[in-house]
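Undergrad: Sharing a structure with you now.
Values in this text are rule-based calculations from the coordinates and carry no lab data. No experiment lies behind these values; they were computed from the predicted model shown. Cβ coordinates were reconstructed from backbone atoms using ideal geometry, including for glycine residues, and neighbour counts include every protein chain displayed.
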Amino acid sequence: MLKTALRSVFLRLEQVCEKFFGPALNPWVHVGSLGWFLFWIVTVTGIYIYVFFDTGVTQAYASLEYLSREQWYLGGIMRSLHRYASDAMVVVVMLHLLREFSMDRMRGNRWFPWVTGVPLLWFLYACGITGYWLVWDQLAQYVAIATTEWLDSIGIFAEPIARNFLDSSHLAGRFFTLMAYIHIAVPLIMLLFMWVHIQRHAHSRVNPPRTLGFAVLGTLVALALVEPAMSQAPANLDRAPFEVGFDWFYLTVYPLLDVVSGRVLWAALIGGSVFLTLLPWLPPLHKAPPAVVHLDNCNGCGRCFADCPFGAITMVGRTDGAEFDQEARVDADMCMSCGICVGACPTATPFRRASALVPGIELPTDPIAGLRDRVVAATGPLQGNDRVVVFRCAHAGNLDTLADPGVAVVPMPCVAMLPPSFIDLVISRKHADGVLIAGCAEEDCFERLGNRWTDERIASQRDPHLRDRVDRDRVAVSWASPAQQHRTRETLGQFRQHLRTAFASPRPGRTGVAWRAQLRELAAPLRFVGAAAVLGAVAVLIGWFATRPAYAYLHHDQALLKLSFSHAAQPLKPCRHYSPQELAKLPFNQRRATTCERGRWPVYLELDLDGRTIHRATHRPAGLWDDGPSTVYASFRVPAGLHRLEVRLRDSGRATGFDYASSATVSLTPGQNFVVDFRGTEGGFQFGRAPAHGPVVQETPP
Ligand code: HEM
Ligand code: SF4
Ligand code: SF4
């Protein structure tokens, strides 16, 4: 249901774009290869930026400012391209995912690119998020704190990593530098996965057509000039930003952290990814039986191996003692039963005797002898001097309605299953006056390579090719999506007209490419303007959502209150002195004054804001034996102004009362990042870092 709805939306949009870009340059059919193209843009621009980038947290901001302001004509453009190409990558990858899903190109052998695509999503987001971190502006500050708090919610780190960004006194440059390295390492892993992603497919397209590539690059450069990517105000950990210009492509899920807990969001994303991974088997594809090799007729020429789009065929040493070196072998799990290998096999010729019409390879459910019978039977009743047999692909929509007294329609799994010798048979034995091959949209064959191989076989560019004696004016092709069936109908009409008129008087047969109809097209200037408008609209969308709408992190009358420290509570049992007798029994090298059992009490903590308890929790000690410090990290958005804070801590396992308690009246300014710390060895709680945080009135502990 969802799939069908999505599919019809895609087909409609693709149809509109095809009017402007033409079938070969339609961006929709190149979203996968555009992903690769954008990856290279991001890589090249990233290397350039890195040359000028200072990985130190204090210098990073200035080094990028230099690029954007002093070297705007090159460095600034590189930086903008880096950002916008990364955003565009999210767009094309998401469209690629949805498109493959809607076209149902994820099941059977296609599970492999689907499943390897899922980690690519995670890598893509990891690259983008760490990238924003490196700018060390206010967005970076938000990203650093939100990401580390979110990671901490998993509860696997002994000490919250968000403490690295607690306030300017805690800022850890090393953690920042680590991000720079992650930002470089993840794309390398991503490239490896991108390579793995296409391994199961033969002849994968990893480069978009050159014209389309230049058009996309040109659009991104134009966007970079109109809306250069800039940093926001520099990060200042002592203040929390009120709002940040937000990249909605990469940070989409972050605002959800305001409404659901970090753990829930992790569970949703991991659960979503697992579900996505399992989609190819929900339900599994009921495949037709795989292709089978008939060794008696296989001469080991390897053409089936060269043409199989799914890498299902391998050539192996001969096993039947025949004089040939090799034979074809089909991997049943990888075979998608498209039949393209049958069209490639030189022994699949209908000119052979019926009894001998068993090719080297064929589909058990669609034997080639049966195809010849169907062609002969379907063309028999045809009348007129414009009789056409249409070989139609199972994925090109319902073309059976094309049949009429002068037209026979023969369905097949993929038109490339048709050996060119069948076209020769139809024309030379006069079963029909012309052959129309109707397959999927150009560059978008459901079986990946069907229309490409068919075109090349007819144009004698690929073996087995159509013999020269077949007049190419009697062979037409129509490449159209299921939403463009009217085009095939129009092609058929024009083709029959052509058959009636072109052959009225004798003429030399034409070789070369197949006949193509003159379909109505927009005038060239209109196409150009339309294509520019589509690319421009995408650029506006990318430029807009790369920073807008801003995300309101804190209201203008709020401050941030953080409670964060690490404290080793008292041991479960107090240490005691060894007696002289005990000491005497100990080996010399193990003698110490005291002995302590492992294990500490948890830290129990309460924080009241103006008499209302806003934090009450027990924090377990770290370590396998619960003998490490307990770590506390909690963050609250509170109204700015005068507040009374009361904090109480128990670290000795006592049943009632507290070991430390402190209170203070603090005046918080809007946007202030106020930290309540605890240092057992320095008298207990500390409220903020006076004087940087404004007036603090600390009262005596009880
Ligand atoms: C960095 C991200 C990605 C890039 C650059 C990328 C690129 C490509 C390319 C170049 C192809 C080959 C097209 C061809 O065979 O001619 C492909 C195929 C495919 N991709 Fe991706 N892809 C990415 C992410 C994903 C994701 C996230 C999914 C889904 C979870 C996915 C699912 C598929 C599927 C199912 C195919 C096979 C299509 C077919 O058999 O016709 N890809 N991808
Ligand atoms: S039918 Fe032939 S070409 Fe198609 S996937 Fe199977 S082996 Fe490959
Ligand atoms: S194309 Fe036919 S003859 Fe050639 S290797 Fe494949 S099965 Fe054998």
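Undergrad: To the nearest 20 debye, what charge dipole does the range 246-356 have about its Cα centre, counting +1 at the Cβ of each Lys and Arg and -1 at the Cβ of each Asp and Glu?
TA: Values: 7 positive and 10 negative charges, 54 e Å.
With only Lys, Arg, Asp and Glu charged at Cβ, the dipole is about 260 debye.
Undergrad: I need the trypsin sites (Lys or Arg not before Pro) found in the range 415-513, filtered to DSSP loop residues with at most 11 other beta carbons within 10 Å of theirs.
TA: LYS430, ARG469
Undergrad: Mind running the shape call on the range 211-311? Use the C-alpha gyration tensor, a ≥ b ≥ c as the square roots of the eigenvalues: rounded below 1.5 for a/c, prolate if a/b tops b/c, oblate otherwise. Display every interim value, and only then the final one.
TA: Details: a/c = 5.11, a/b = 1.82, b/c = 2.81.
Here the range 211-311 falls in the oblate category.
Undergrad: Quick one: grab the alpha carbon gyration tensor of the range 290-370, order the square roots of its eigenvalues as a ≥ b ≥ c, and give me rounded if a/c is under 1.5, else prolate or oblate depending on whether a/b is larger than b/c.
TA: Numbers: a/c = 1.77, a/b = 1.08, b/c = 1.64.
Cα axes put the range 290-370 in the oblate bin.
Undergrad: If you filter the range 570-619 for GluC sites (Glu not before Pro), then keep DSSP loop positions with at most 13 other Cβ within 10 Å, what is left? All intermediate terms of the calculation are to be shown ahead of the outcome.
TA: Working: sites: GLU582, GLU597, GLU606; in loops: GLU597.
The qualifying sites are GLU597.
Undergrad: The range 579-596 to the range 84-138: how many Å between their Cα centroids?
TA: 62 Å
Undergrad: By Kyte-Doolittle mean hydropathy of at least 0.0 and Cα axial length of at least 20 Å, which whole DSSP H helices of the chain are selected? Kindly include the intermediate steps, with their values, before the conclusion.
TA: Working: long enough: 2-25 (28 Å, 0.46); 31-52 (32 Å, 1.75); 77-102 (36 Å, 0.69); 111-134 (36 Å, 1.08); 138-152 (21 Å, 0.27); 173-197 (36 Å, 1.56); 210-226 (24 Å, 1.95); 262-278 (24 Å, 1.55); 485-502 (25 Å, -1.59); 524-545 (32 Å, 1.86).
Flagged H segments are 2-25, 31-52, 77-102, 111-134, 138-152, 173-197, 210-226, 262-278, 524-545.
Undergrad: Mind running the shape call on the range 68-225? Use the C-alpha gyration tensor, a ≥ b ≥ c as the square roots of the eigenvalues: rounded below 1.5 for a/c, prolate if a/b tops b/c, oblate otherwise. Each step should come with its number before you reach the end.
TA: Details: a/c = 2.67, a/b = 1.34, b/c = 1.99.
Here the range 68-225 falls in the oblate category.
Undergrad: Report the Cα centroid-to-centroid distance between the range 152-213 and the range 374-390 in angstrom, as an integer.
TA: Between the Cα centres of the range 152-213 and the range 374-390 lies a distance of 60 Å.
Undergrad: Only sites in a loop by DSSP and with at most 16 other Cβ atoms within 10 Å count here; which chymotrypsin sites (Phe, Trp or Tyr not before Pro) in the range 271-378 make the cut? Display every interim value, and only then the final one.
TA: Values: sites: PHE275, TRP281, PHE305, PHE310, PHE324, PHE351; in loops: PHE310, PHE324, PHE351.
In loop regions of the range 271-378 (DSSP not H, G, I, E or B), the sparsely surrounded chymotrypsin sites (Phe, Trp or Tyr not before Pro) are PHE324, PHE351.
Undergrad: Counting alpha carbon pairs within less than 8 Å and at least 6 residues apart, what relative contact order, in whole percent, applies to the chain? If you can, show how the numbers build up before the last one.
TA: Details: 1253 pairs, mean separation 83.8, N = 702.
In percent, rounded to a whole number, it is 12.
Undergrad: Further, regarding this structure: Any idea what log10 I(q)/I(0) is at q = 0.07, 0.09 Å⁻¹ for the chain, Debye with uniform C-alpha scatterers and no solvent?
TA: The Debye formula, applied to the Cα set alone, gives -0.66, -0.89.
Undergrad: On to the next question. Treating only the Cβ of Lys, Arg, Asp and Glu as charged (+1, +1, -1, -1), what charge dipole size does the chain show about its Cα centre? Round to the nearest 20 debye.
TA: On the way: 66 positive and 60 negative charges, 237 e Å.
The calculated dipole for the chain is roughly 1140 debye.
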